[in-house]
Amino acid sequence: MEVLNTVAKLLALAICLVERPKDGAKKKQEVKEMVYSFLKQFNIKLPMPQFVFDWMLDIAIDNIVKYFNQTIWKEKAA
């Protein structure tokens, strides 16, 4: 579980680093590449099959971005 906690924190950081208007699919791919690079660089083994992790990663990215859009990136009403 510690690996997944680390990945969650890394996802939040990576999402903030790539944030810019538009390019949703490209930004998502950049975030995933950052996560995979981090895991490889620190030789972190996933506690699940790769295809399950990929699926979870897609869902986690979407949920974190949705949360950020509703909170910290929320535009103030005019």
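The values are calculated or read from the model by the stated rules, or taken from the named source; none is laboratory data. Keep in mind that what you see is a predicted model, and the values were worked out from it rather than measured. All Cβ positions, even for glycine, are placed from backbone atoms using ideal geometry, and neighbour counts span all protein chains on display. Calculation scope for accessible area: heavy atoms of the full protein, side chains included, ligands and nucleic acids excluded. Shrake-Rupley method; radii C 1.70, N 1.55, O 1.52, S 1.80 Å.
Side notes on the structure shown:
- Shown for the stretch 1-72: the carbon plus sulfur share of the solvent-accessible area, taken with all protein chains present and a 1.4 angstrom probe, equals 62%.
- Three semi-axes of the equivalent ellipsoid, the stretch 1-72, Cα gyration tensor, whole Å, largest first: 21, 12, 11
- Calculated from backbone phi, Karplus (6.51, -1.76, 1.60) coupling profile of the stretch 6-11 in Hz, x at Gly/Pro: 5, 4, 4, 5, 4, 4
- Per residue, in Å², the accessible surface of the chain once ligands and nucleic acids are set aside, probe 1.4 Å: 75
- For the chain, the longest piece that avoids every one of the trypsin sites (Lys or Arg not before Pro) found in DSSP loops with at most 16 other C-beta atoms within 10 Å covers 46-73.
- Across all Cα pairs in the stretch 31-78, the calculated P(r) in 5 Å bins from zero up to the longest distance comes to 4, 17, 20, 20, 13, 10, 8, 3, 2, 1 percent per bin.
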